[in-house]
């Protein structure tokens, strides 16, 4: 049965992903696409929802493809249940270091280039769905670590093929949904919100990175070194 801690952590991982540099750039591009339709509240809201749905579907499909084989293999499932907390500490520390820029690998996968954005601009609202999916699958080191290491491991331990990956996808699209609602009902504040989000990105990323590292050290001390820090 999925735990509340698993649900909250999956959504939090999605939020942290949304403010990491590469996904944030994709979300900002999506916001720019939505901003062209400020004259139509319905189109703006529909675009935001379709973009979110695209991200959710992409993450769920990838997660199901990976977790199905992991959970079908009894030995892998056993090790996920037994050693997930042990492995989570180093994973969180590594992810925090990536968020803080202490590690700067350059490899990335981009499936949503300028061509797609231009096609979406010509194609209309419904292009927000594939745009969301392809932006979701454009992994950079930080988003890859958050998804493949943290989220997949968490979903495997919780035996959740659908719910946790879907919540993660919703979390990654929160900035776009918020922007869509703002654009639909308070368009005069769109520019200020856009600039404010860009200004806050680094501060939030530093806080998230520090939180990841602290949580990672906690998991290492408790589950690797056996210190009774989680005792009541």
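Please report 142, 7 as a ranked list, fewest other C-beta atoms within 10 angstrom at the top and most at the bottom. Don't skip to the end; give the middle numbers.
Numbers: 142 25, 7 16.
The fewest-first ordering by Cβ neighbours comes to 7, 142.
Suppose the chain between residue 162 and residue 65 were pulled fully straight at 0.36 nm per residue; how much longer would it get relative to their current alpha carbon spacing? Before the final figure, lay out the partial values.
On the way: separation 97, 0.36 × 97 = 34.92 nm, distance 1.09 nm.
Full extension from residue 162 to residue 65 adds 33.8 nm.
What FRET efficiency comes out for the pair residue 203/residue 227, r = Cβ-Cβ distance, R0 = 35 Å, nearest 0.05? It would help to have the intermediate numbers written out before the result.
Numbers: r = 31 Å, r/R0 = 0.90.
The computed FRET efficiency comes out at 0.65.
Once you have the Kirkwood Rh of region 1-70 from its Cα pairs, apply Stokes-Einstein at 4 °C and 1.567 mPa s and quote D in µm²/s.
Details: Rh = 14.1 Å.
It comes out at roughly 92 µm²/s.
Fewest Cβ neighbours within 10 Å first, please rank 86, 52, 172, 95 accordingly. Could you put the intermediate results ahead of the total?
Details: 86 14, 52 24, 172 32, 95 29.
Lowest count first: 86, 52, 95, 172.
For the pair residue 126 and residue 102, what calculated FRET efficiency results from E = 1/(1 + (r/R0)^6), where r is the Cβ-Cβ distance and R0 = 30 Å, to the nearest 0.05? Numbers along the way, then the final one.
On the way: r = 41 Å, r/R0 = 1.37.
For residue 102 and residue 126, the calculated efficiency is 0.15.
Would you mind ranking 51, 59, 219, 225 so that the residue whose beta carbon has the fewest other beta carbons within 10 Å leads the list? Please report the intermediate quantities before stating the final value.
Working: 51 31, 59 27, 219 22, 225 9.
Listing 51, 59, 219, 225 from fewest to most nearby Cβ atoms yields 225, 219, 59, 51.
Where a number appears in this text, it was derived from the coordinates with a stated rule and is not lab data. All figures in this text were calculated on a predicted structure; none of them were measured in a lab. In this analysis, Cβ positions are derived from the backbone assuming ideal geometry, glycine residues included, and neighbour counts consider all displayed protein chains.
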